[in-house]
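The values are calculated or read from the model by the stated rules, or taken from the named source; none is laboratory data. Just so it is clear, the structure is predicted and the values come from calculations on it, not from any experiment. Glycine gets a Cβ as well: all are built from the backbone with ideal geometry, and neighbour counts include every protein chain shown.
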Amino acid sequence: MQAEELETAVRAGRVDLLLAATRREGSVSRRRFYASALSRAIRWADPGAIDDAELSAAADLGVDARVLELHHAEPPPHAVHVPLVFDSSLRGFVRLLFVSFDTGMGGLELEPSARQAVASALRLAATRARLSEPRPHVLSAAQPAAFESIEIHGSSLGAGCFVSAFSLWSGRAVRPGSVITGALSESGEVLPVAQLVPKLDGVLQACASARRLLVPAADEEAVRAGLARGDRPLEVVGVRDLDELIEASLMPSATPWEDADVRLFELRRSFDRGWSRYRWPAIRERLDRLAGQLPATRPDLAVPVYTMLGGVSRHLGDPQQSLRLLMTASAVARPDDAFCVPDAALTFLHRHLSLTLRELGRFEDARQAAQEAVDIAERARLRGELVKGLGCAGLVAVGRGDPAEASRLHRRAVEVALGHDASEAPQSIGYLVDALGRQGDLKAARQAFEQGVCLDAEGSGRRTQRSWLYTIFAGALLRAGEAQEALTMLDEDEVREAMARAPMPGLLVRRFLGRALVQRDHVARGYEILAASPSAYGADALPQLRFRLHLNVLWEARLRAQRGALSDDARARALNALGHLPRAPEVIALLNSDAEEAGRALETGADPAPALERLLETCERLG
């Protein structure tokens, strides 16, 4: 399989082709190359596009289990399967597309004729759904990564875009197993499409869930003739106009939308559990849907919705988009009647604004936003929000290089938590332990750690809290030069489980464990644990953590350089890790000088340790 053909198969989600290519390959290195492409194809495949047998076969070939888990997601009820064609290869494929509210994230990249077809379809759907003033919507993909740097051509998106928009606005879900193609006239006629043969091939070969194919009536005979040459039964429905398209594509009755307040409550619960099984893309789609249907008279709903969208964007690795959404929430939160938005929503907004500004390296702005979150929570006597606000302010203080102020803030958060909900105090205590360790006060850090362990034993006893406390205290011990005791902390059952289970706090466990092992002269094992961090957590499956995972690789390079043991392989790994540093302009300005110096040293064989030390310190401040 040639490189272009391989990339086409990945973007088309052709797992069947990649499975076969990986099995055929005899060379170990080439087999790994194909397995990596297979992993990417699965990560970019649409929900439901891969059957259990293919997933099992991929697991047998070594695809990371975390990648396979991501495939089990529910598509939006208004999503539509649309056949497309790669112009360079004329290979047909099918992708799940849907209309979403334009929150500034942008939709698919469309060339002029496709853009015009989508705009026309949205107008027709709004008119048919009797929307007096439709808010701006765009055409999105269930897996947008598969469309990066790809421009979609042609007008055959029109019918699918119309169906998705009308489904969204009418509440009538798309019939399962439907694949839709067709251009639309301004009057609502369904017109023939080009490249029908490769599109039909794509449906037959690459869309196992397809059961019904909706095509323009003028193309129906040609499609039936094409199907007659194959052995897969597909129902073909030819449609002439919008009435027939609606009848053939949508369920007969509408599913009533839940009350917006109820949906917001459920989404906030999902948001709070978003890291579990990487739910962020699905949560973003649901928030997009709700944002597009909020009444203009409900800023009390709009502010938390945009705040969560901002938080999701940050978790998905786009702090600049996060900031834009949070600024939108801030604008909504300042209407003429300032009492429209509850204090809980305002402190929630300022807390997430602070975290995003911190990640962008804007520490003073982050400090002000965190202080506003604390002030609002205090005035409103929202003790739970106050604990979170103080914790956020403490994290920003660490970013500003002020561990003494961070210790003060986290100590106060612990006091408030103990008076409000002691089961939540261990997390605040963990932050306090970290700040005290950075401050160089190991005695106070140990006392706080012991307090957290006692509280955890008396309270819920959640294993995640215990692993968090032990891991953070191990970091404080390392800073104090107590590597042997740090190893003892990291040898706890809960900590080992956390390292194996998930990147948070697993990547910190690896970072501290690798450093402690090297300090205790178990250097080979320490280097190995750090170097393996990206592959251990399925870096491809977790793009928002890629930067943090590769920091461990830079730690490996720094430790090797300090010991004069920087091999060619380690230099290559470190250069690759530098390529995963954040790309936001604000962050580049903070990191660029040290990153460039480290890169030059790694390439020329010079000592990169001083530049890496400064670079890693700045990266830790960014969180």
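Look at the stretch 286-305 and say how many of its residues are small (G, A, S), touching a residue at least 12 places away in the same chain (Cβ under 8 Å) and surrounded by fewer than 23 Cβ atoms within 10 Å (Cβ to Cβ). Give the steps one after another, and end with the answer.
Residues of the stretch 286-305 small (G, A, S): 291-292, 296, 302.
Next, only the ones that are touching a residue at least 12 places away in the same chain (Cβ under 8 Å) stay: 291-292, 302.
Add one more test, that the residue is surrounded by fewer than 23 Cβ atoms within 10 Å (Cβ to Cβ), and what stays is 291-292.
Selection size over the stretch 286-305: 2.
Can you say whether L227 is in contact with a strand residue (DSSP E or B) (Cβ under 9 Å, 6 or more places away or on another chain) and either crowded, with 24+ Cβ neighbours inside 10 Å or within 23 Å of H137 (Cα to Cα) (or both), as far as the supplied structure shows? Let's see the steps before the verdict.
Values: in contact with a strand residue (DSSP E or B) (Cβ under 9 Å, 6 or more places away or on another chain): yes; either crowded, with 24+ Cβ neighbours inside 10 Å or within 23 Å of H137 (Cα to Cα) (or both): no.
The answer is no for L227.
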- Item | Residue identified as crowded, with 16+ Cβ neighbours inside 10 Å and touching a residue at least 24 places away in the same chain (Cβ under 8 Å) among N576, N552 | N552
- Please report, ordered by residue number, the helices (runs of 4 or more DSSP H) entirely within the stretch 153-253 with at least 3 residues that are closer than 27 Å to E54 by Cβ and over 35 Å from the mean Cα position of the chain (by Cα). 220-228
- Note on the structure: In the stretch 124-139, anything touching a Phe, Trp or Tyr at 6+ places or on another chain (Cβ under 8 Å) and either assigned to a helix (DSSP H, G or I) or in the same structural domain as D288 (by TED's automatic domain parsing) (or both) is listed as L124, A125, A126, R128
- Within the stretch 389-401, can you find the residues that are buried (at least 24 other Cβ atoms within 10 Å of the Cβ), of a type outside the set (G, A, S) and under 14 Å from Q427 (Cα atoms)? L390, C392
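Given the criteria touching a Leu at 6+ places or on another chain (Cβ under 9 Å) and either in the same structural domain as L326 (by TED's automatic domain parsing) or surrounded by fewer than 16 Cβ atoms within 10 Å (Cβ to Cβ) (or both), does R30 qualify?
Working: touching a Leu at 6+ places or on another chain (Cβ under 9 Å): no; either in the same structural domain as L326 (by TED's automatic domain parsing) or surrounded by fewer than 16 Cβ atoms within 10 Å (Cβ to Cβ) (or both): yes.
Here the answer is no, as R30 does not meet what is asked.
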- Lone qualifier among S423, S428 - being surrounded by fewer than 18 Cβ atoms within 10 Å (Cβ to Cβ) and either part of a helix (DSSP H, G or I) or of a type in the set (A, V, I, L, M) (or both): S423
- Query: How about the stretch 98-123: which of its residues are over 30 Å from S39 (Cβ atoms) and touching a Phe, Trp or Tyr at 6+ places or on another chain (Cβ under 6 Å)?
  - Reply: A121
- the stretch 7-41 - residue that is touching a residue at least 24 places away in the same chain (Cβ under 8 Å) and in a loop (DSSP other than H, G, I, E, B) and, of those, farthest from the chain's Cα centre (by Cα): R14
- Identify the residue in the stretch 376-407 that is acidic (D, E) and either part of a helix (DSSP H, G or I) or touching a Lys or Arg at 6+ places or on another chain (Cβ under 9 Å) (or both) and, among all such residues, is farthest from P304 (Cα to Cα). E405
- Query: What single numbered condition from (1) of a type outside the set (A, V, I, L, M); (2) within 24 Å of A435 (Cβ to Cβ); (3) in a helix (DSSP H, G or I) fails to hold for H550?
  - Reply: (2)
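Which of the residues belonging to the stretch 103-112 are surrounded by fewer than 16 Cβ atoms within 10 Å (Cβ to Cβ) and either over 29 Å from the mean Cα position of the chain (by Cα) or among the hydrophobic types (A, V, I, L, M, F, W, C) (or both)? Please lay out each step first, then the result.
Taking the stretch 103-112 as the starting set, the residues that turn out to be surrounded by fewer than 16 Cβ atoms within 10 Å (Cβ to Cβ) are 104, 106, 109, 111-112.
Across the stretch 103-112, the qualifying residue is only P112.
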- Item | Single residue of the stretch 141-167 satisfying the filter (surrounded by 23 or more Cβ atoms within 10 Å (Cβ to Cβ) and among the hydroxyl-bearing types (S, T, Y)) that is nearest to A194 (Cα to Cα) | S156
- Can you find even one residue in the stretch 94-102 that is assigned by TED's automatic domain parsing to the domain that holds P176, closer than 29 Å to W275 by Cα, basic (K, R) and under 26 Å from the mean Cα position of the chain (by Cα)? yes
- Near pairs, Cβ below 9 angstrom, 6+ apart or cross-chain, from the stretch 604-623 (under 13 Å from F547 (Cα atoms)) to any residue that is in a loop (DSSP other than H, G, I, E, B) and of a type in the set (F, W, Y): none
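Given the structure, is P47 surrounded by fewer than 22 Cβ atoms within 10 Å (Cβ to Cβ) and either assigned to a loop (DSSP other than H, G, I, E, B) or in contact (Cβ under 8 Å) with a residue 40 or more places away in the chain (or both)?
Values: surrounded by fewer than 22 Cβ atoms within 10 Å (Cβ to Cβ): yes; either assigned to a loop (DSSP other than H, G, I, E, B) or in contact (Cβ under 8 Å) with a residue 40 or more places away in the chain (or both): yes.
So P47 passes the test.
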- Message: I want to confirm something. Restricting to the stretch 230-264 and keeping residues that are crowded, with 18+ Cβ neighbours inside 10 Å and within 24 Å of A45 (Cβ to Cβ), which single residue is modelled with the lowest pLDDT?
- Response: L234
- Query: Name the residues in the stretch 344-362 that are under 18 Å from P585 (Cα atoms), among the hydrophobic types (A, V, I, L, M, F, W, C) and either in the same structural domain as G317 (by TED's automatic domain parsing) or in contact (Cβ under 8 Å) with a residue 40 or more places away in the chain (or both), would you?
  - Reply: L353, L355, L360
- Message: Against the definition (in a helix (DSSP H, G or I), surrounded by fewer than 20 Cβ atoms within 10 Å (Cβ to Cβ) and hydroxyl-bearing (S, T, Y)), how does S330 come out, yes or no?
- Response: yes
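Across the stretch 594-619, what is the total count of residues that are assigned to a helix (DSSP H, G or I) and surrounded by fewer than 14 Cβ atoms within 10 Å (Cβ to Cβ)?
Residues that pass the stated criteria total 5.
Just to verify a result, which residue in the stretch 556-592, among those that are assigned to a helix (DSSP H, G or I) and of a type in the set (S, T, N, Q), is farthest from G317 (Cα to Cα)?
The first filter runs over the stretch 556-592 and keeps only residues assigned to a helix (DSSP H, G or I), leaving 556-562, 568-578, 585-592.
Next, only the ones that are of a type in the set (S, T, N, Q) stay: 562, 576, 592.
Numbers: Q562: 31, N576: 18, N592: 19 Å.
Result: Q562.
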